[in-house]
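A quick write-up on the structure given underneath.
The values are calculated or read from the model by the stated rules, or taken from the named source; none is laboratory data. None of these values were measured; they are calculated from a predicted model. Cβ placement follows ideal geometry from the backbone for every residue including glycine, while neighbour counts extend to all protein chains displayed. Protein only, heavy atoms only, side chains kept; ligands, DNA and RNA dropped before computing areas. Shrake-Rupley method; radii C 1.70, N 1.55, O 1.52, S 1.80 Å.
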Amino acid sequence: MNAWGWLHPAPGSTRAPQVGRSAARSLVRAVLVALATAAVAYLIVATAQYFFTSDVRFWMVAFKATTPEKFGYLFAYLPLYLVYFVPLAVVTNTANRVHLAGGEATNTALTMAIAVAGPVILVAYQYITMAVTGYPAPGFMGLFSIWLFPLIVIIPTAVLVSRRLYLRTGSTYLGGLVMAVIATLISVSNSLMVIG
């Protein structure tokens, strides 16, 4: 039995929907699988950093081991990311029940594009305004759009992960939980701390 099957059967199974104690047990299992997934990912990153002095990086998103004094920030960031990524996972899997021409891949790609549209529009607005006028967009400091770059990668990835995990496990929440913990670890490890 693998970790995915431990949650509950995939959609289309003959088992009745989970309610009450069974649903709570499924949620607890999803939380445990999400924490285990994040722990394994963090262990891989910490090992790579320790042995090769390297982090895991894609474009502007860096996932690296963090210092012990930053671990307290996990508890401040995690609730905020949970409030975002868990509903995103639910909406993603609800929206994908409507089938467009092209099937599953088209649905998922469209959902990814819609989910990431906000940060993409804000970054485009900042850079277009700067190119046309030579000045930052009103209300934007230079770093505001740069801080959005990781979200342009993380948000569509969250949609894809949520959808794939839902199709594999039937758990609506698992993808959101996994991405909330991973995004929190990325944010905490990249936080700048000034002490003293």
Restricting attention to the stretch 99-110, does a residue exist that is among the hydrophobic types (A, V, I, L, M, F, W, C) and in a loop (DSSP other than H, G, I, E, B)? yes
Filter pass, L82 being open to solvent by less than 60 Å² (accessible area, probe 1.4 Å), in contact (Cβ under 8 Å) with a residue 60 or more places away in the chain and either more than 19 Å from L35 (Cα to Cα) or in a helix (DSSP H, G or I) (or both): yes
Would you check which residues across the stretch 35-63 are open to solvent by 60 Å² or more (accessible area, probe 1.4 Å), at negative phi and not in a helix (DSSP H, G or I) and list them? V56, R57, F58, M60
Would you check which residues across the stretch 160-189 are within 16 Å of V28 (Cβ to Cβ) and open to solvent by 30 Å² or more (accessible area, probe 1.4 Å) and list them? T172, Y173
Search result, residues across the stretch 68-77 that are open to solvent by 50 Å² or more (accessible area, probe 1.4 Å) and in contact (Cβ under 8 Å) with a residue 24 or more places away in the chain: E69, F71, Y73, Y77
